[in-house]
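Asks: I'd like to ask some things about the structure below.
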Amino acid sequence: SCSEFFDDGTNVTLLATPESTDYLFSGWSGACTGSAICVVSMTQARAVTATFVLKQSDLQVSKTGSAAANSTISSDIAGINCGNDCQQLYDIHQIVTLTATPPANSLFAGWTNCPAATGNTCEVTMEAPISISAEFLQQQTLSVNLSGNGGGTISSVPAGSIDCGSAGGTDCSETVNQGDSLTLSAVSDSFSDFSGWFADTAGTTLLSGCSVAGANCSI
C-alpha cells in the first residue's frame, strides 16, 4: 500500500527501512528531502519518494616492480584504469575482472591479494573493501658469443637459459628479469683452452660487471 487518504491538517510520519542489509536508504525527494525522518503535513495532496541503493565497497589497485611506471591495470566494468584511476566504488556482489598489461620489454609477474587469479587477470567479487597489487618486471637481453680460433660452449644457470657453442648450441641470447643474476660457464673442447671473458668479439676488453671464478662469470 503506497497511497492513503488522511484528514486535512494531519501530520504523517514516514519511516524508510531497507529490505535487507544489502541496501541503504539514500534519501527522500518530493514533499520531504534529506535522510531524516519524514513528517508530512496533509494540507494538500502530497507525494514522497524514498530512494534505496545497494551498498558499495571500495576496490583499490596498485603497481609494483621495476616496470610499474608504464604498466596498466584496467577493469572490465568502468572505473579502474591505473595508470590514472586506481580506486573505485562498486556495488556489493558485483564481479569485477582486472587485467594487468605490462609495457614493452617487460612482463607481468603476479598478483598480491587477488581472490581468483588466472594469468594476468584477477576476478574480484565485491563483498568488502579490498586492495590488490600487480607486479611488473623490466627485462633485459643478455647475448653471448664465442671468439678466437678454438671451440667450446657457454651454458648458464638457471640451466637452459643459454646454450651456445661451436658444437651446435644455438641459444646465444636470453631475456632476463632486471635485477636477476645469471652465472655463465665456459667449457672448452679438447683441442682448445678458455682464455677469459671479454666485452668485445675481438677479445681485447675485459668484461666489467662480471664476477669471475675461473671459467664461470656471475652477472
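The values are calculated or read from the model by the stated rules, or taken from the named source; none is laboratory data. Being a predicted model, the structure only gives us computed values, none of them experimental. So basically every Cβ, Gly included, is an ideal-geometry build from the backbone, and we count neighbours across all protein chains shown. Ligands, DNA and RNA are stripped out before the accessible areas are found, and what is left, the full protein with its side chains, is counted by its heavy atoms. Shrake-Rupley method; radii C 1.70, N 1.55, O 1.52, S 1.80 Å.
Asks: Please return the longest stretch of the chain lacking exposed loop sites, where GluC sites (Glu not before Pro) count only if DSSP places them in a loop and at most 13 other Cβ atoms lie within 10 Å.
Replies: It works out to 20-126.
Asks: Beyond 24 Å, what percent of the Cα pairs of the chain remain?
Replies: 65 percent
Asks: Report the per residue volume, in Å³, of the convex hull enclosing the C-alpha atoms of region 115-219. Working shown, then result.
Replies: Numbers: hull volume 13.3 nm³, N = 105.
That works out to 127 Å³ per residue.
Asks: Which shape class, rounded, prolate or oblate, goes with region 50-111 when its Cα gyration tensor gives a ≥ b ≥ c as root eigenvalues, a/c under 1.5 marks rounded, and past that a/b bigger than b/c marks prolate?
Replies: prolate
Asks: Here is a follow-up. List, in order, the whole-Hz ³J(HN,Hα) value for each residue of region 58-73 obtained from phi through the Karplus relation with A = 6.51, B = -1.76, C = 1.60 and θ = phi - 60°; use x for Gly and Pro.
Replies: Values per residue, Gly and Pro as x: 8, 10, 10, 10, 8, 10, 10, x, 5, 10, 5, 4, 9, 8, 9, 10 Hz.
Asks: Let me ask something else about it. What is the mean projected area of the alpha carbon convex hull for region 59-184, to one decimal in square nanometres?
Replies: Averaging across all directions leaves 9.2 nm² for the Cα convex hull.
Asks: Let me ask something else. With a 1.4 Å probe and every protein chain kept in, tell me what percent of the accessible surface of the chain is carbon plus sulfur.
Replies: Ligands and nucleic acids excluded, carbon and sulfur reach 49 percent.
Asks: While we're here: When the Karplus curve 6.51 cos²θ - 1.76 cosθ + 1.60 is applied with θ = phi - 60°, which whole-Hz ³J(HN,Hα) does each residue of region 74-81 get, with x for Gly and Pro?
Replies: These are the phi-based 3J(HN,Hα) values: 10, 10, 6, 9, 3, x, 9, 8 Hz.
Asks: I would also like to ask the following. Between Gln87 and Asp22, what is the spin-label point distance in nm, taking each point 7 Å from the Cα along the Cα→C-beta axis?
Replies: Inter-label distance under the simple model: 2.7 nm.
Asks: Which ³J(HN,Hα) values, rounded to whole Hz and listed in residue order, are derived for region 107-120 from phi using the Karplus coefficients 6.51, -1.76 and 1.60 in 6.51 cos²θ - 1.76 cosθ + 1.60 with θ = phi - 60°, glycine and proline given as x?
Replies: Values, residue by residue: 9, 7, 9, x, 9, 10, 6, 8, x, 8, 9, 9, x, 8 Hz.
Asks: If you don't mind, another one. What stretch of the chain, leaving out the sites themselves, is the longest with no chymotrypsin sites (Phe, Trp or Tyr not before Pro) in a DSSP loop having at most 10 other Cβ atoms within 10 Å?
Replies: Details: sites that count: Phe5, Phe191.
Here the longest run is 6-190.
Asks: Under the classification rounded if a/c is under 1.5, otherwise prolate if a/b is larger than b/c and oblate if not, where does region 1-111 fall, given a ≥ b ≥ c as square roots of the Cα gyration tensor eigenvalues?
Replies: prolate
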